[in-house]
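Sharing a structure below in structure tokens format, with a few things to ask.
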There are 2 protein chains.
Amino acid sequence: VNQVLDTGAIRGSFAQRYFKERSLLGPLVMGIDPSRDILLQWGLEDSPGGLADFCKICLESAAGNVALVKFQSAFFERQGYRGLQVLSDSLKLARENGLLVILDGKRGDIGNTSLAYAETYFSQTSDFFSDATTVSPYLGLADLGPVFEMAHNAGGYVFVVARSSNPGARSIQAKMLDKNLSVEASVLAEIRRINESYLSDKTDNLFLQDHPGGTVHTADPVAVVGPVGAVVAPNCQEEISVQLASLRCLFLAPGIGAQGATMAQTADLFSGCIDNVLPSMSRSILASGPDIRAMVQKIAEIKSDMEQYF
Amino acid sequence: VNQVLDTGAIRGSFAQRYFKERSLLGPLVMGIDPSRDILLQWGLEDSPGGLADFCKICLESAAGNVALVKFQSAFFERQGYRGLQVLSDSLKLARENGLLVILDGKRGDIGNTSLAYAETYFSQTSDFFSDATTVSPYLGLADLGPVFEMAHNAGGYVFVVARSSNPGARSIQAKMLDKNLSVEASVLAEIRRINESYLSDKTDNLFLQDHPGGTVHTADPVAVVGPVGAVVAPNCQEEISVQLASLRCLFLAPGIGAQGATMAQTADLFSGCIDNVLPSMSRSILASGPDIRAMVQKIAEIKSDMEQYF
């Protein structure tokens, strides 16, 4: 744990690194989703070798053009441990290229199993050491405590899936617990509570010198963020009864572009905390590959479309 | 997909294989949870080599004594891709020893990402090919369709986490949607609906010749099971408003022994469908290791305790 605390001291908090990079390159997260279909579409083999080539092309397109890349773990797992070796190598290559990396695994488990996942993503010596990861809340946020704590100490970040981008998730996430609180809103309210407890205990660690808004005071509910973020997809138009700006966190926002939400809808949903939103796009960019110039061009177009909203 | 269908044809359904093994060895599932603590307690290195030794000892204790083993994925992931190579080797070794294997990963994602997880666990050529896996329902059961379908076609099985064994999960799973339906009961009701649709469409594939009750007719709501199972932990004493026997599935039951539920409580919760319950125990057995004779002795004691209830 001491080693991990050292890492945090060296690299600062995820939010600090993110706001610094965002001020230079904008908020866009490029999703690296090497499905079988896209590998074949790019003329690559559906094999660990094809996977490695795919990641190299993606990272060459991303470096210097976006602040973050997001790897979808499932597409590496389906290629077995050799696929996961490619993931490990690609995570390292991304960081060497100055990119922040989110490893999208949506893990969630209990007790010491959660601790094992925390080590998977936030131990400095792990093959899968990342800047941030995603987790699923179904086994309760209390048991994700070790993940939040280790991420916080290691300068990492955890996005809890609250509202996902798939319509099929409405059957659980949108269910109403009472008149005003849906399951997803209940998860968001619990994230707010955890962040509040961190922010009151540990304010020193959370000051964001590099926030685009300049000098920041703890009284600002948006710019000072706690260690627990949320995945909130803007492509679903139902109201959320919890005010998102009150969560004091960063948001990962999938479901823009190919999955349906416009930039304007995204800006509208996150009104009051748009600086804290990481919009993630994958298929819209990957469809322009494998030509790196075409992908870089597509990234530039998306960033240009974003400018007026973010 | 044809290759996978062939697998199913060769090995039959998971339920068929399970009931056959259960009639010989009983229902006990031995959990293989190589946490850092237990590795050190056994005098093994916290390394891929230590992990491999741990698994070999577990499998030698299990073979011929239990029908199933359950590997917890997180403890292999924290050791990186080399840890996952050990997992792959251990899954193969377990099957070579005649054991049925459950890979406990609690994955859950959307669309083509779910398909990638389905391939991870149920493609015959995958390093992580298993008899069964666990999934998380938070992103909706609709998007897990590819996992259920591929498992069904490959003679595999999927346990959806409905009620987990950790008290912290009560904050989401026990939340009431209306007067009688909790979040977990809503998940269970959806599992029932999916199994009913499979059983009405595809009854031929689901006849269980090897059920301990002998010849089985589709009119029997318990013995003929659909492809979607449930994780239901018996250590929490809250009522479940859905009648478990009506789900027409197999149940994976953690949280017995070290985590608190007694055999009698377990038998009580699953009254009317106890033949369909796979009780999983890990720490109670592993605490007797690394001595194989002591572990085998402990397994025998647990099986003896179970006999009057299962």
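Restrict the check to the range A:101-113 and report whether at least one residue is buried (at least 19 other Cβ atoms within 10 Å of the Cβ), on the phi < 0 side of the Ramachandran plot, within 19 Å of the chain's Cα centre (by Cα) and in a helix (DSSP H, G or I).
no
So how many residues does the range A:137-165 have that are in contact (Cβ under 8 Å) with a residue 40 or more places away in the chain and at the interface with chain B (Cβ under 8 Å from one of its Cβ atoms)?
Counting residues in the range A:137-165 that are in contact (Cβ under 8 Å) with a residue 40 or more places away in the chain and at the interface with chain B (Cβ under 8 Å from one of its Cβ atoms) gives 5.
Out of A:F122, A:F129, I need the residue that is surrounded by fewer than 24 Cβ atoms within 10 Å (Cβ to Cβ), under 26 Å from A:G155 (Cα atoms) and aromatic (F, W, Y). Which one?
None of the others qualify; the one that does is A:F129.
Within the range A:128-149, which residues are among the charged types (D, E, K, R) and assigned to a loop (DSSP other than H, G, I, E, B)?
A:D131
Scan the range B:21-78 residue by residue and report those that are touching a strand residue (DSSP E or B) at 6+ places or on another chain (Cβ under 9 Å), of a type in the set (F, W, Y) and part of a helix (DSSP H, G or I).
B:F54, B:F75
Which condition from (1) in a loop (DSSP other than H, G, I, E, B); (2) over 16 Å from B:F71 (Cα atoms); (3) of a type outside the set (V, I, T) is the one that B:E119 breaks?
Failed condition: (1).
Pull up the range B:79-98, narrow it to residues that are outside any helix (DSSP H, G or I) and surrounded by fewer than 24 Cβ atoms within 10 Å (Cβ to Cβ), then point me to the one that is farthest from the other protein chains (Cβ to nearest Cβ).
For the range B:79-98, the residue satisfying everything is B:G98.
May I pose another question? For residues in the range A:165-181 being among the hydrophobic types (A, V, I, L, M, F, W, C) and part of a loop (DSSP other than H, G, I, E, B), which is nearest to A:V225 (Cα to Cα)?
A:L181
Can you name every residue in the range B:20-62 that is of a type in the set (K, R) and within 12 Å of chain A (Cβ to nearest Cβ)?
Matches in the range B:20-62: B:R36 only.
Can you find, within the range B:121-136, the residue that is nearest to the other protein chains (Cβ to nearest Cβ) among those that are under 16 Å from the mean Cα position of the chain (by Cα) and hydroxyl-bearing (S, T, Y)?
B:S136
To continue, here is another question. Check whether at least one residue in the range A:150-164 is in a helix (DSSP H, G or I), among the polar types (S, T, N, Q) and open to solvent by 20 Å² or more (accessible area, probe 1.4 Å), and report yes or no.
Scanning the range A:150-164, I find at least one residue that is in a helix (DSSP H, G or I), among the polar types (S, T, N, Q) and open to solvent by 20 Å² or more (accessible area, probe 1.4 Å), so the answer is yes.
Checking the structure you have, find out if any residue of the range A:217-225 is more than 24 Å from A:Q72 (Cβ to Cβ), modelled with pLDDT under 95 and of a type in the set (S, T, Y).
Within the range A:217-225, one or more residues are more than 24 Å from A:Q72 (Cβ to Cβ), modelled with pLDDT under 95 and of a type in the set (S, T, Y).
In this structure, is A:A142 of a type in the set (A, V, I, L, M, F, W, C), surrounded by fewer than 24 Cβ atoms within 10 Å (Cβ to Cβ) and at pLDDT 95 or above?
Judged against the criteria, A:A142 is a match.
When the range B:268-310 is examined, which residues are found to be touching a Lys or Arg at 6+ places or on another chain (Cβ under 7 Å) and not polar (S, T, N, Q)?
Of everything in the range B:268-310, just one residue is touching a Lys or Arg at 6+ places or on another chain (Cβ under 7 Å) and not polar (S, T, N, Q), namely B:I285.
The values are calculated or read from the model by the stated rules, or taken from the named source; none is laboratory data. In this text the structure is predicted, and so the values were computed from the model without any measurement. With ideal geometry, Cβ positions are generated from the backbone for all residues, glycine too; neighbour counts draw on all protein chains shown. Surface accessibility is based on the protein's heavy atoms, side chains included, excluding ligands, DNA and RNA. Shrake-Rupley method; radii C 1.70, N 1.55, O 1.52, S 1.80 Å.
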